[in-house]
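See structure below.
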Amino acid sequence: MANIKEQYETAKQAYSKWGIDVDSVLETLKRVPISIHCWQGDDIGGFEVNRGELSGGIDVTGDYPGKATTPEELRMDLEKALSLIPGKHRVNLHAIYAETNGEVVERDELEPKHFEKWVQWAKENRLGLDFNPTLFSHEKAADGLTLSHPNPEIRKYWINHCIQSRKIGEYFGSELGTPCLTNIWIPDGYKDIPSDRLTPRKRLKDSLDKIFAVEVNEDHNIDAIESKLFGIGSESYVVGSHEFYYGYALRNDKLCLIDTGHFHPTETVSNKISSMLLYSDQLALHVSRPVRWDSDHVVTLDDELREIALEIVRNGALDHVKIGLDFFDASINRVAAWTIGTRNMIKALLYALLTPNDYLMQLQDEGNFTDRLALIEEFKTYPFGAVWDYYCEQMDVPVKESWLEDVKTYEKEVLSKR
């Protein structure tokens, strides 16, 4: 469309006055993968033969029609969403998305063979895969404790599950030629004030030591551990706090994964990134949108998302921060949710790349806070949208809101018939 090209050229001129090469920015953006979580498509149901109710302080609300109920449907829905999102990305799986051909397979017995169809699909679509052991929605996690459980047999079960998960991650990385991020999150905690905070953390540390004592090829699998402040049923105490996991990650050379919904409502993840990167070469993100609590709303292009992207870009950390998404909304079309959230994450990165970050940092060092604030505000209405539209067109995905018609057609022709 000529109009899109013309608007893009006009935008290029506006940004070039500040030394921003927009063509180069788009080339950079193409190389940034987002790890898209599969569980938005089926409300974290998974495909276990003996699957139980969702638990572990996790809640998905809504009953919008069209939920994926088979691996084939979930992959089909992911393909649809990916066709509406510019760039080449990754897909993030949980262990409960194993395919066992109707056989009951305990989680501590899962093997790479149970994910062969996912790997074949990823190869066909030129995607990387990431992975997570599933330490919730299970009878051995019914009391909200797993790797810190006082019962050594239950701990052993979950330790073995995490070991098997790392081997599955290694398989993904080996087969796909891009390392898999295998992230451990546990729901462990207590509803009321505990009488002993230390001992559960000692047990968790011991469990992690046993998990990571089993060697996997680090060229194929990257280990990460994810903290949380509180959850439903663990309002007063969570064993795997931010301080616990960040200390463990630093001492044991693991990635610390921070979820934007896993902190106090007055904390911001954007404020943590620069500090953590001073001490860790890499870190990982699960980008969500908390509304009053860790409610995992679909990511919008809000101030905090832009600030997260700015922190990554202006600190030269695009190659040091592994960006994944983690939200689930069953009250709206699930393919639309993926599309909205992922496009917004990419938009935020583009916005950050189109900001004169070096000059703004110079103004700060000079103490020229007037010019700095004025420019920050003016750049909010620079022709960022024209660059985004051109990028979408160049990447052969729908421009502006036209993608919504594709989703509506898909809903009518596919989702409504499930």
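The values are calculated or read from the model by the stated rules, or taken from the named source; none is laboratory data. The structure displayed is predicted, hence computed values, not measured ones. Glycine gets a Cβ as well: all are built from the backbone with ideal geometry, and neighbour counts include every protein chain shown.
Just for region 19-43: of the residues that are in a loop (DSSP other than H, G, I, E, B) and among the acidic types (Asp, Glu), which one is surrounded by the most Cβ atoms within 10 Å (Cβ to Cβ)?
Going through region 19-43, the residues in a loop (DSSP other than H, G, I, E, B) turn out to be 19-21, 31-34, 42-43.
Filter once more, keeping what is among the acidic types (Asp, Glu): 21, 42-43.
Numbers: Asp21: 12, Asp42: 23, Asp43: 20.
Checked region 19-43; the qualifying residue surrounded by the most Cβ atoms within 10 Å (Cβ to Cβ) is Asp42.
Which ones in region 220-237 are under 21 Å from the mean Cα position of the chain (by Cα) and not aromatic (Phe, Trp, Tyr)? Steps first, answer last, please.
Let us first name the residues in region 220-237 that are under 21 Å from the mean Cα position of the chain (by Cα), namely 220-232.
Across region 220-237, the qualifying residues are His220, Asn221, Ile222, Asp223, Ala224, Ile225, Glu226, Ser227, Lys228, Leu229, Gly231, Ile232.
Could you identify the single residue in Leu135, Leu84 that is in a loop (DSSP other than H, G, I, E, B), over 29 Å from Leu349 (Cβ atoms) and among the aliphatic types (A, V, I, L, M)? Lay out the reasoning, then the answer.
Working: Leu84 fails: over 29 Å from Leu349 (Cβ atoms).
Selected residue: Leu135, the only one of Leu135, Leu84 that is in a loop (DSSP other than H, G, I, E, B), over 29 Å from Leu349 (Cβ atoms) and among the aliphatic types (A, V, I, L, M).
Would you be able to say whether some residue in region 386-399 is free of Cβ contacts under 8 Å to residues at least 60 places away in the same chain, in a helix (DSSP H, G or I), in the same structural domain as Lys5 (by TED's automatic domain parsing) and buried (at least 19 other Cβ atoms within 10 Å of the Cβ)?
Scanning region 386-399, I find at least one residue that is free of Cβ contacts under 8 Å to residues at least 60 places away in the same chain, in a helix (DSSP H, G or I), in the same structural domain as Lys5 (by TED's automatic domain parsing) and buried (at least 19 other Cβ atoms within 10 Å of the Cβ), so the answer is yes.
What do you reckon, is Phe136 modelled with pLDDT under 95, assigned by TED's automatic domain parsing to the domain that holds Asp326 and within 22 Å of the chain's Cα centre (by Cα)? Steps first, please.
Numbers: modelled with pLDDT under 95: yes; assigned by TED's automatic domain parsing to the domain that holds Asp326: yes; within 22 Å of the chain's Cα centre (by Cα): yes.
Criteria met by Phe136.
Among the candidates Arg306, Arg372, Arg289, single out the residue that is surrounded by 15 or more Cβ atoms within 10 Å (Cβ to Cβ), within 18 Å of Gly41 (Cα to Cα) and out of contact with any Pro (no Cβ under 7 Å at 6 or more places or on another chain).
Sole residue among the options that is surrounded by 15 or more Cβ atoms within 10 Å (Cβ to Cβ), within 18 Å of Gly41 (Cα to Cα) and out of contact with any Pro (no Cβ under 7 Å at 6 or more places or on another chain): Arg289.
Out of curiosity, is Leu93 surrounded by 15 or more Cβ atoms within 10 Å (Cβ to Cβ), over 20 Å from Ile44 (Cα atoms) and in the same structural domain as Tyr171 (by TED's automatic domain parsing)?
On the way: surrounded by 15 or more Cβ atoms within 10 Å (Cβ to Cβ): yes; over 20 Å from Ile44 (Cα atoms): no; in the same structural domain as Tyr171 (by TED's automatic domain parsing): yes.
No; evaluated as a whole, the condition is false for this residue.
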